[in-house]
């Protein structure tokens, strides 16, 4: 089939709707088709990307740039541009300055004038500045002037420049929060003003009682009431502004924690995550919600109020003398009671959390395996187990409720006692003439003002405890070493011949587990097809994942074209190899989007070529929307397994690779689909180095030789017919 006549079917629909495509898709098409000079965008910041990256020395920007772009942004703004550069490895810091004051060593930089003109300042020589005008998209030579604006200076954060992704250690979260230190200072300043306003209101009440009522000076009352009204309005405005600022900080922190922890999980080596259940990983991610809840809920504002309790207690001491001991005594009572009751309550909360997690895990298992439960007639047994799990969850919640109720009751009792003590002793002081009635009323208001945030903090102890645990978990997660790729090793892997040498390789998943591979050795020549055979648990899939760069050998050596894989970046290695896993997963999106997961720079012709190699091109073209057919979610459940398996192979072939790894390609295929797969494998044979895990004799016979594995070791390497006979003997 002539691919050149089919590829326009994708691009034609894209061209017709290009004006409606997001910015990232339009730039992607320009990069894929080498039409970057023809790319234009209304946003000046979009025009700055390529000139800025070139001047920063980023030579392999195409693929990494597309992966860093915001996918649903129709127009790029300054925040988007800075986020893109951060993802690529260039942090920026703003500096308010004049064009003439920017030092040459700070070039290249982005300069935005106060009038909104955007320029990329490239270099400065002989009092002349080479720049790129983002509005006209032209390079210009200008003279430095006193034009004021903001310069965005860039810092290279790549590991080769002395920085690593895990330098933060156990303080990643605190370094994240420190980025907002100026805003936090503003919050504290606003909270200070709010507390001073709150302090003056009781004092105004005291003046009214002691001066206005006592002296019957009604002419001063309107002025005092007006003053109180102004203060209350000011308090309302300040609280509104603080809520806005706090909400902005909370939203940004929530976004950064969510995206960065998700990115960290994605870039972790597979051995860290694939042995965990989906439920446990989701539960771990959900624990991070306590950080978001703290900043978005009332606890953040309450925390800002607590330091100012000292101010109110000092004023109480001035107004009422020794009555200031009462709020101090209540605070000590909170601490003493909490020291022996909190551990018990923490234990009940922990048990409740475990019980709820078990119930949630069972629910997820039920939804995932509902058909299997019905198929074996296990509804009654499974319902009984769920009933027991639900009962444990209810009892744990009941104990937590009782413990929390006691906590609330004691807290409220202490508050009531504080109020009663203040009124009682204050009345005696008023009778003795040691304090005025206005001072007593003001003292009561101040005592409540002191104890309210402290009581709320006391009742929120468990939220603070959960917050501390979540922060610790976030720091531990961000401390783990992730897989990185520099783009340099990919240059070495672009022209692979396909020679593979496995020499006495051993691997185990954990220190307490038996070896999955033990002293495995074999060689594969360029263009050779090898079949890896053996019973379940023999180590076949582990071996092929190791070749794909998913794991690193713990003993022995494994090399590709005489390059030890431990010297290569895992991501670059996987991109240089076409790997088709045993289980097919199609993600939410179109067929084209699923296929471009392997290579964002793939053109329409590349998609057609890959589909042709996988033998699925005609099937895709026959669909009503072709490559734009949406797949994933529940749509994949209604498609033939053979079609999905072929799509998985096509996705792997999008990135041209000399080495192809196939893990049980015949899984779930009917006879017709299996015969088509065999036909495609014969076409690929000799053109690529192919390593295939399979137990089907029809697949094994296609290979040039076979490797029979048993208990993680190589039992035999040689002729395929011999290996098939040995397998049949083991079965019999």
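Read the figures in this text as sums done on the coordinates, not as results from a lab. The model shown is predicted, which means the values in this text are computed figures rather than measured ones. Counting neighbours? That spans all protein chains shown, and the Cβs are built from the backbone with ideal geometry, glycine included.
A few points about this structure:
- Label sites at residue 501 and residue 698, each approximated as a point 7 angstrom past Cα along Cα to Cβ, lie 3.8 nm apart.
- Fewest-first ordering of 209, 240, 579, 671 by other beta carbons within 10 Å of each residue's beta carbon gives 671, 240, 209, 579.
- Cα centroid separation, the range 124-140 to the range 82-111: 15 Å.
- Extended-chain gain in nm, criterion 0.36 nm per residue less alpha-carbon gap, residue 181 and residue 408: 78.3 nm
- Rounded tilt (10° steps) of 309-320 against the dominant C-alpha axis of the chain: 10 degrees
- Two-site FRET efficiency, residue 219 against residue 430, from Cβ-Cβ distance with R₀ of 35 Å, rounded to 0.05: 0.85
- When 305, 513 are sorted by how many other C-beta atoms sit within 10 angstrom of their C-beta, beginning with the fewest, the order is 513, 305.
- Hydrodynamic radius (Kirkwood) for the chain, which is based on Cα pairs only, to one decimal in Å: 31.8 Å
- Percent of beta bridges antiparallel (DSSP, the chain, rounded to nearest 5): 70 percent
- Within the range 655-718, antiparallel bridges make up roughly 45 percent of the DSSP beta bridges whose residues both belong there.
- Taking the fewest neighbouring Cβ atoms within 10 Å as the starting point, the ordered list for 155, 590 is 155, 590.
- Folded to 0 to 90 degrees: helix 278-287 orientation relative to the chain principal axis, Cα: 30 degrees
- Angle in degrees between helix 461-479 and the longest Cα principal axis of the chain, rounded to the nearest 10: 30 degrees
- Antiparallel beta bridges, as assigned by DSSP with both residues in the range 489-731, represent about 50 percent of the total such bridges.
- The spacing between the range 639-698 and the range 177-241, judged by their C-alpha centroids, is 75 Å.
- Within the chain, helix-based [θ] at 222 nm, where runs of 4 or more DSSP H residues each add -39,500 (n - 2.57), nearest 500: -17500 deg cm²/dmol
- Each listed q (0.07, 0.11, 0.13 Å⁻¹) maps to a log10 I(q)/I(0) for the range 171-477 from the Debye sum over equal C-alpha point scatterers, namely -0.43, -0.88, -1.08.
- In this simple spin-label approximation, residue 236 and residue 370 carry label points 7 Å from Cα along the Cα→Cβ vector, and these lie 5.1 nm apart.
- Full-stretch length increase - residue 336, residue 188 - with 0.36 nm per residue and alpha-carbon distance subtracted: 50.4 nm
- In summary, the range 174-257 shows an alpha-carbon radius of gyration equal to 1.58 times the 2.2 N^0.38 Å reference for compact globular proteins.
- Computed over the range 489-731, the range of Cα coordinates on each principal axis works out to 51, 42, 37 Å, biggest value leading.
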